[in-house]
1. If Leu345 satisfies every condition in (1) crowded, with 22+ Cβ neighbours inside 10 Å; (2) aliphatic (A, V, I, L, M); (3) without any contact (Cβ under 8 Å) to a residue 60 or more places away in the chain but one, which is the exception?
2. Pick out the one residue from Ala35, Ala43, Ala69, Ala28 that is modelled with pLDDT of 90 or more, among the small types (Gly, Ala, Ser) and within 28 Å of Leu377 (Cβ to Cβ).
3. Does any residue in segment 25-38 that is loosely packed, with under 13 Cβ neighbours inside 10 Å come within less than 8 Å, Cβ to Cβ, of a residue that is part of a loop (DSSP other than H, G, I, E, B) six or more places away or on a different chain, and which pairs are these?
4. Restricting to segment 348-371, and then to whatever is modelled with pLDDT of 95 or more and of a type in the set (D, E, K, R), can you tell me which residue is surrounded by the fewest Cβ atoms within 10 Å (Cβ to Cβ)?
5. Quickly run through segment 197-235 and pick out the residues that are on the phi < 0 side of the Ramachandran plot and within 18 Å of the chain's Cα centre (by Cα).
6. Based on this model, can you work out whether Phe63 counts as on the phi < 0 side of the Ramachandran plot and touching a helix residue (DSSP H, G or I) at 6+ places or on another chain (Cβ under 8 Å)?
7. Could you tell me how many of the residues in segment 72-125 are farther than 24 Å from Thr340 by Cα, part of a helix (DSSP H, G or I) and at pLDDT below 95?
8. Can we say Lys372 is closer than 21 Å to Pro324 by Cβ, among the basic types (Lys, Arg) and either in a helix (DSSP H, G or I) or free of Cβ contacts under 8 Å to residues at least 60 places away in the same chain (or both)?
Amino acid sequence: MCYAIPGKIVELKGKIAVIDYFGEHKNALNEFVNAQVGDYVYAQGGILVDKIDEDDAIPILSFWKDRFAELKKIDNKISKIETSKPKNEFEEIIQKAQQGNLLQKQEALTLLKTNEPEKLKLLYKTANSLRQKNLENACCVHGIIEFSNYCRNNCTYCGIRSDNKELKRYKMSPDEIVEAAVHAVKELGFKALVLQSGEDTSYTTKDLVAIIKKIKQQCGVLLSMSVGQRSQNCYKEMYDAGARGVLLRFETSNQELYKKFHKGPKANFQERIDLLKYLNKLGYIIATGSIIGFPNQTEEDILNDILLTKSLNAEMYSFGPLIPHPQTPLKNTELSDIDTILKVLAVSRFIDPNSKILVTTALETLDKDSGKQRGLLAGANSLMINVTPSRFRKQYTLYPGRPDRDKEITKNIEETLKLLYSLGRAPTDLGI
């Protein structure tokens with residue numbers, strides 16, 4: 001299975017490769033691959049990650065040429081929205097967003113505060129239409145490997161917090177991490193991977209760099225790191241080793257809430273924001289966002305979360321619900337309503353029409369039957385599939401009830417692809 005469609009390089013402009021996909025040209029930065037005009041390549045996140053022999057590429061392209069067109073037709077049909085003269089303030093705001101105009105803060109807040117079923121239906125459908133208009137039917141699919149559930153932090157909402165003595169801890173060895181990553185790329189077809197852990201400092205900078213280098217030596221893949229608030233030097237060395245993405249949520253833009261709920265030796269809001277800004281300047285692809293559902297969190301806080309994500313030049317928005325864990329101080333917190341999260345996804349699409357917006361596993365947990373689909377139809381266009389080896393996966397319990405905990409990886413992939421095809425989405429990232 002393949003989560004990227006190969007294209008043919010038709011032009012090189014310094015480090016920029018111009019890649020042809022069925023007559024459409026996209027650009028990708030070429031830092032890792034010795035490629036020439038005429039070569040067939042894979043790109044992820046606007047970065048060229050691997051070459052493929054022409055004899056292997058042609059059958060894939062032959063399959064996808066007609067399939068891609070068919071999927072686009074399905075997506076166009078689903079995302080089509082009729083326009084009419086607005087009947088009220090809500091519809092005026094929706095039409096303004098649909099036309100690509102920047103919403104005022106109060107207008108975005110009006111959308112976040114609505115709870116009427118018909119208005120929500122219009123909100124989601126418009127966000128999906130805007131997604132299709134700006135990004136067409138591409139849906140990037142990342143694999144994620146959760147390699148350690150040790151964490152030095154003691155956040156009041158997180159199941160792997162340091163004070164949770166009931167949790168069975170694990171950490172994968174560097175060789176196990178590399179083996180899992182290479183398997184995900186070469187056997188399962190992923191071209192983008194996230195390596196995630198708690199803030200486990202037993203893995204030194206040297207260890208992380210070595211892991212990245214070994215993976216990059218064995219396979220072409222876009223590697224993102226989700227290892228918490230490390231030093232600038234650590235992230236610089238990981239970048240130099242070949243990592244190009246970072247998944248690091250700021251958790252909440254409300255500094256009082258941050259101070260109350262985020263606990264640990266590096267629990268400083270401004271330091272976290274400064275690190276994200278540094279990583280952006282360094283050249284990392286930034287994935288960030290917040291948790292929705294903290295006690296006393298307001299719609300204004302949530303809107304500020306979206307706006308902060310945009311100001312950080314994030315390529316991917318990651319918003320998920322707080323799901324109370326029984327071994328945390330927030331165990332009795334009321335569970336978020338799924339429409340609250342869907343509204344955040346939709347408004348994020350209005351605020352940043354060209355962004356990648358992630359359907360988190362936590363969102364899927366709220367609605368195991370259709371959460372993923374509902375997220376994709378509310379403006380999202382990115383997914384992650386858990387490819388952590390099964391003997392470790394059950395212990396990475398950020399929150400209870402995860403739908404991927406007991407599911408076989410191949411079954412999860414099969415179900416995800418089936419869903420994407422039914423919505424007209426192509427499980428690929430075509431560059432920029």
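The values are calculated or read from the model by the stated rules, or taken from the named source; none is laboratory data. Keep in mind it's a predicted model, so treat the numbers as computed, not measured. Quick reminder, even Gly has a Cβ in these numbers, built from the backbone with ideal geometry, and neighbours come from all protein chains shown.
1. Answer for Leu345: the failing condition is (3).
2. On inspection, the qualifying residue turns out to be Ala43.
3. Pairs found: Glu31/Lys15.
4. Only one residue tops the list, namely Asp352.
5. Correct list: Ser197, Gly198, Val221, Leu222, Leu223, Ser224, Met225, Ser226, Val227.
6. When the stated conditions are applied, Phe63 does not pass them.
7. Going through segment 72-125 one residue at a time, the tally reaches 1.
8. For Lys372, the condition - closer than 21 Å to Pro324 by Cβ, among the basic types (Lys, Arg) and either in a helix (DSSP H, G or I) or free of Cβ contacts under 8 Å to residues at least 60 places away in the same chain (or both) - is not met.
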